1. Out of (1) without any contact (Cβ under 8 Å) to a residue 12 or more places away in the chain; (2) crowded, with 18+ Cβ neighbours inside 10 Å, what's the single condition that is false for GLU218?
2. Look at the range 196-235 and say how many of its residues are out of contact with any Phe, Trp or Tyr (no Cβ under 9 Å at 6 or more places or on another chain) and at pLDDT below 95.
3. Check whether at least one residue in the range 161-174 is open to solvent by 10 Å² or more (accessible area, probe 1.4 Å) and within 17 Å of LEU119 (Cβ to Cβ), and report yes or no.
4. Under 8 Å between Cβ atoms, at least 6 apart or on separate chains: pull out the pairs that start in the range 135-155 with a residue that is part of a helix (DSSP H, G or I) and end on any residue that is among the hydrophobic types (A, V, I, L, M, F, W, C).
5. So SER387 clears everything in (1) touching a strand residue (DSSP E or B) at 6+ places or on another chain (Cβ under 7 Å); (2) in a loop (DSSP other than H, G, I, E, B); (3) among the small types (Gly, Ala, Ser) except one condition, right? Which one?
6. Sort through VAL34, VAL66, VAL38 and tell me the only one that's modelled with pLDDT under 90, under 26 Å from the mean Cα position of the chain (by Cα) and under 22 Å from GLY299 (Cα atoms).
7. Examine the range 315-338 for a residue that is acidic (Asp, Glu) and without any contact (Cβ under 8 Å) to a residue 12 or more places away in the chain, and state whether such a residue exists.
8. Among the residues in the range 345-354, are any aromatic (Phe, Trp, Tyr), within 17 Å of VAL394 (Cα to Cα) and assigned to a strand (DSSP E or B)?
Amino acid sequence: MPLLEKMTRIQDNQKGPNLTSISSTSSEIWQDEVGRPVVTRDDRGRFLCPWENVELPSVKTIFSKVNARARNSTALKPEDEIEKKKFLPTVELSSKLRAKWEDCDDSINIRWLGHATCLVRLPGGFTLLTDPVFSKNCGPYQMGMPRYVAAASKVEDLPPIDAVLISNDHYDHLDLNSLREFHKRDLLTDRGRYFIPLGTKNFLLKKIRGLKAEKLTEMEWWQHEELFSRDRTLDDGMHGGMSTEKKKLVVTCAPAQNWCGRGPRDKNERLWCTWAVRVSSFTNEDTTVGNFFFAGSTGMPRDFPLFKIIGLELGPFDLSAIPIGMNAPEEVVSSYNCSTEEAVNMHIQLKSRFSCGILWGTWALANERYYEPVFRMKSCLERRMLSICRDFFVLKHGDVGCIPVRDENAQISSKISERFSSNEITTLHPIFAYPQGKH
């Protein structure tokens with residue numbers, strides 16, 4: 001069934017305008033021929049979220065309302081080091097954990113480094129790094145809010161990276177100091193690239209000395225680029241022989257509901273996005289051996305089925321990284337940071353087999369205590385009869401979650417079943433031991 005027909009049926013069951021009749025404020029049609037939302041600009045050339053009249057907050061509002069409580073109170077973060085180590089522990093990268101993360105022949109492995117920064121290992125040996133922020137402070141000139149949990153890795157300890165995915169230009173997602181250090185240490189592989197939203201390329205070339213333009217792949221929504229893995233020799237496990245395989249990585253820029261700007265004068269001059277990353281067999285492009293979705297930071301449209309469209313077009317996904325925190329005060333941030341309930345809905349609409357919660361427990365950037373997002377998430381999942389340790393899980397800082405991938409017959413092989421014999425992706429996070437009386 002064509003995507004537009006599918007989405008028309010979905011729209012019939014939702015309130016809101018018809019998918020084929022909405023236009024942007026500059027009177028341009030903002031959907032392509034199959035009904036997908038496309039990049040749209042206003043009359044001044046600035047990017048829009050055309051499906052909804054999003055009243056984006058001013059920079060003054062963000063700093064005065066969102067960060068006021070965080071600047072003046074310690075109630076949002078752990079009271080001391082004892083509480084932090086007990087409820088927000090960081091897992092060191094031992095040789096055993098490293099081996100677990102690197103073994104990706106039959107799984108997608110994710111290591112959460114804090115906030116939106118994740119290391120992801122895909123079948124075929126591809127390594128992704130999402131929204132790399134390793135600095136202590138989050139803000140202009142490193143004068144913003146300090147982390148209360150340090151990044152679970154230093155830049156110099158990162159493995160070689162095939163794809164760096166950046167979702168938007170906010171300081172907690174695009175950190176120039178981290179990118180400079182990453183570039184200085186030459187951590188991209190020969191085939192590696194930075195994948196960035198439209199309008200970000202010139203900004204990075206000006207800010208990072210020596211960065212080569214050919215390493216920057218600037219994309220708009222629905223564009224995709226391909227990378228190829230090296231030949232890998234594998235034991236076929238059946239006839240005592242060896243086989244050679246090659247896998248293809250397809251990176252697709254997908255829509256998000258957000259805004260951009262790093263100061264009062266560049267609002268929405270750069271695009272924002274989510275990312276879908278698919279690994280397929282080089283010899284059979286229809287065979288998906290791993291599909292990952294990175295939501296970065298995004299709101300959930302009220303009257304437009306954005307993530308159902310993404311799920312239909314690019315899913316289903318084996319694993320999604322979805323924001324669960326940073327959503328208070330709701331009247332200020334709801335347009336660009338989804339609520340916890342919406343995060344669970346996003347997991348379902350994306351057709352994601354498993355999801356990992358991000359954007360929590362790292363910075364006091366919103367008016368919420370550090371444990372609140374995960375408690376809200378657990379309640380939402382219980383109402384949907386979903387598991388906090390499997391369907392939609394949270395990791396300790398630095399810990400690894402391994403997601404079994406399916407073969408070309410959409411079945412989990414016996415070899416994978418043996419490795420993933422447990423019903424859980426991860427154990428229950430120690431934060432759930434936080435005293436209920438205090439919660």
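The values are calculated or read from the model by the stated rules, or taken from the named source; none is laboratory data. Quick caveat, the model's predicted, so the values are computed rather than measured. Cβ coordinates were reconstructed from backbone atoms using ideal geometry, including for glycine residues, and neighbour counts include every protein chain displayed. Protein only, heavy atoms only, side chains kept; ligands, DNA and RNA dropped before computing areas. Shrake-Rupley method; radii C 1.70, N 1.55, O 1.52, S 1.80 Å.
1. So the condition that GLU218 fails would be (1).
2. Summing the residues that are out of contact with any Phe, Trp or Tyr (no Cβ under 9 Å at 6 or more places or on another chain) and at pLDDT below 95 in the range 196-235 gives 7.
3. The answer is no; no qualifying residue exists.
4. Once the first residue is part of a helix (DSSP H, G or I) and sits in the range 135-155, its partners that are among the hydrophobic types (A, V, I, L, M, F, W, C) give VAL155/PHE134; VAL155/PHE182; VAL155/LEU187.
5. (1)
6. Exactly one residue qualifies, and that residue is VAL66.
7. Yes, there is a match, as at least one residue in the range 315-338 is acidic (Asp, Glu) and without any contact (Cβ under 8 Å) to a residue 12 or more places away in the chain.
8. Going through the range 345-354, the residues aromatic (Phe, Trp, Tyr) turn out to be 354.
Imposing the further condition that a residue be within 17 Å of VAL394 (Cα to Cα) reduces the set to 354.
Restricting the remaining residues to those that are assigned to a strand (DSSP E or B) gives 354.
Yes, because at least one residue in the range 345-354 is aromatic (Phe, Trp, Tyr), within 17 Å of VAL394 (Cα to Cα) and assigned to a strand (DSSP E or B).
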